[in-house]
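Undergrad: Could you have a look at this structure, given as structure tokens, before my questions?
The values are calculated or read from the model by the stated rules, or taken from the named source; none is laboratory data. Here the structure is a predicted model, which is why all the values come from computation and not from measurement. When we count neighbours, we look across all protein chains shown, and the Cβ atoms used for this are built from the backbone with ideal geometry, even at glycine.
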Amino acid sequence: MDLKDIMSVSGQSGLFRFVSQGRNGIIVESFTDNKRSFVSASHKVSSLADIAIFTDGEEVPLKDVLKSIHEMEPGVPAPDPKSSPDILKKFMEKILPNYDRERVYMSDIKKLASWYNSLLELKLLNFDESAPEETAKSEETVQTESKSKAKTAAAKPKKTTTPKRSARGKNQ
């Protein structure tokens, strides 16, 4: 699971996949309806890889929190984000007992539950560290090979025939 390409956009519900960099923003694709949209630079966009949860000690990266939820009950969704605050607080205490109760708001816990459920539904929760790297390396190899073939084909000069001068045109 690579959270670097999964985005949360302020003012829009759901998660988005990063597609491309635009002139004054980025292009993202919604996981829910697969529609692409432009997000201007004025919107707040956060990669899930950059998000961390406050604790009494150091901040814990979101990936570690998601892994903790997954290890507790693999394949079971988190509580519904619309559940009562008591249920959500108990859920948070169970997965991260030392979370900072003053800086982690109820809205943050609801987002966490919602994101986990979305990622679980989309089957994007893969915590095996070796598989994505190997897949990425093999994809890079294929892309590199195809690029080098394209460069080689483009670098070869095309044979063109030049018309020969006729003998009449030389000395007239």
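Undergrad: Restricting to segment 118-127, and then to whatever is under 14 Å from Glu71 (Cβ atoms) and either within 13 Å of the chain's Cα centre (by Cα) or not hydrophobic (A, V, I, L, M, F, W, C) (or both), can you tell me which residue is modelled with the highest pLDDT?
TA: Here the residue is Leu125.
Undergrad: With the checklist (1) part of a loop (DSSP other than H, G, I, E, B); (2) touching a residue at least 40 places away in the same chain (Cβ under 8 Å); (3) crowded, with 17+ Cβ neighbours inside 10 Å in hand, flag the one item Gly75 doesn't pass.
TA: (3)
Undergrad: Let me ask you something else. Has segment 20-36 got any residue that is in contact with a strand residue (DSSP E or B) (Cβ under 9 Å, 6 or more places away or on another chain) and of a type in the set (Lys, Arg)?
TA: Yes, the conditions are met somewhere in segment 20-36.
Undergrad: I'm checking my understanding of the structure. Among residues of segment 14-72 that are assigned to a loop (DSSP other than H, G, I, E, B) and among the acidic types (Asp, Glu), which one is farthest from Ser107 (Cα to Cα)?
TA: Asp33
Undergrad: Give just the number: which of (1) under 30 Å from Gly57 (Cβ atoms); (2) at pLDDT 55 or above; (3) exposed (fewer than 10 other Cβ atoms within 10 Å of the Cβ) does Ser130 not satisfy?
TA: Single failed check for Ser130: (2).
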